[in-house]
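S.K.: One structure, pasted below without further comment.
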Amino acid sequence: MAKIFCIANQKGGVGKTTTSVNLAAGLAKIGQRVLLVDLDPQGNATMGSGVDKRALQLSVYDVLLESASVQEAAVPSEACGYHVLGANRELAGAEVELVELERREKRLKAALVEGDGAYDFVLIDCPPSLSMLTLNGLCSAHGVIVPMQCEYFALEGLTDLVNTIKQVHANLNPDLQIIGLLRVMFDPRITLQSQVSEQLKDHFGDKVFDTVIPRNVRLAEAPSYGLPGVVFDASAKGSQAFVEFAREMVGRIKRM
Ligand code: ADP
Ligand code: MG
């Protein structure tokens, strides 16, 4: 059975998509079979995996509306070594269309259960909101990976996310837990970041991943080439950190 993880944080620009595509590529690199699900209508994870969102025959939208299976809609990213269930602007409409439907928050879960066995890991890149799309992600997952920058306001935003996860855990998905907080875009020269990093460890203990993702320009450049940093420039510090994080995740699921 695949282990399913949401990459979530209701703030935009915190590194969710960068984490999703690079963790997917890192896991693929160490021999894991990975499906990356893009749940953001912006389609950045799709494009960042070398899949043209404008040319998708089928997407996660069709899966949510039950007009396609995961197997039918997922496409291989040859360059990246994993499969992509892509998204584009059409997905924004699903938000409204789902409201009318039954089991609206469990559509993605049902589709993933049906296609189970093909993957070791399913990673879900969530949009920057606590919407019906994110809820579908949270209902599908065994755990949540929360990328965050070590800034003062990051801690405030975390309270809302933690409360949402608690509610989903209590009402909709008893499997759900926070797997960990991933410190991203980290710059040790900035004193505040080191302080917040220490506060996180004091407060959340081993829920803070050991791996730290540094701020690294190669990770930011890679999407314009339609590649995760891990594939675009494997030698970059940021890429090496994501492969290390993939190893840490493989270790963690053995203990789950
Ligand atoms: P989100 O999906 O949460 O909106 P993104 O992953 O798109 O966030 O990241 C926001 C911006 O920050 C992007 O331009 C991305 O390239 C850049 N970025 C993310 N992680 C890093 C990093 N470790 N170092 C440098 N730039 C980064
Ligand atoms: Mg994103």
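S.K.: In segment 221-239, what count of residues is obtained for those that are farther than 24 Å from Gly143 by Cβ and in a helix (DSSP H, G or I)? Lay out the reasoning, then the answer.
M.R.: To start, the set of residues in segment 221-239 that are farther than 24 Å from Gly143 by Cβ comprises 221-227, 231-237.
Imposing the further condition that a residue be in a helix (DSSP H, G or I) reduces the set to 221-225, 231-232, 237.
Residues in segment 221-239 being farther than 24 Å from Gly143 by Cβ and in a helix (DSSP H, G or I): 8 in total.
S.K.: Does Thr164 satisfy the condition of being open to solvent by less than 10 Å² (accessible area, probe 1.4 Å), touching a Leu at 6+ places or on another chain (Cβ under 9 Å) and more than 20 Å from Arg252 (Cβ to Cβ)? Let's see the steps before the verdict.
M.R.: Values: open to solvent by less than 10 Å² (accessible area, probe 1.4 Å): no; touching a Leu at 6+ places or on another chain (Cβ under 9 Å): yes; more than 20 Å from Arg252 (Cβ to Cβ): yes.
Here the answer is no, as Thr164 does not meet what is asked.
S.K.: Continuing with the same structure: For segment 11-34: of the residues being within 20 Å of Gly157 (Cα to Cα) and assigned to a loop (DSSP other than H, G, I, E, B), which is farthest from ligand 2 (Cβ to nearest atom)?
M.R.: Lys11
Residue by residue, here is whether (1) within 26 Å of Val99 (Cα to Cα); (2) open to solvent by 10 Å² or more (accessible area, probe 1.4 Å); (3) within 14 Å of ligand 1 (Cβ to nearest atom); (4) not basic (Lys, Arg) holds:
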position	(1), (2), (3), (4)
Lys3	no, yes, no, no
Gln10	yes, yes, yes, yes
Leu23	no, no, yes, yes
Gln32	no, yes, no, yes
Leu36	yes, no, yes, yes
Leu39	yes, no, yes, yes
Ala55	no, yes, no, yes
Leu65	yes, yes, no, yes
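Residues are listed down the side, and each one gets a yes or a no for (1) open to solvent by less than 80 Å² (accessible area, probe 1.4 Å); (2) charged (D, E, K, R); (3) in contact (Cβ under 8 Å) with a residue 60 or more places away in the chain; (4) in a strand (DSSP E or B):
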| position | (1), (2), (3), (4) |
| --- | --- |
| Leu192 | no, no, no, no |
| Lys201 | no, yes, no, no |
| Gly205 | yes, no, no, no |
| Thr211 | yes, no, no, yes |
| Leu219 | yes, no, yes, no |
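The values are calculated or read from the model by the stated rules, or taken from the named source; none is laboratory data. Since this is a predicted model, take the numbers as computed values, not measurements. Cβ: placed from backbone, ideal geometry, glycine included. Neighbour counts: every protein chain shown. Just the protein is used for accessible areas: all its heavy atoms, side chains included, with ligands, DNA and RNA removed. Shrake-Rupley method; radii C 1.70, N 1.55, O 1.52, S 1.80 Å.
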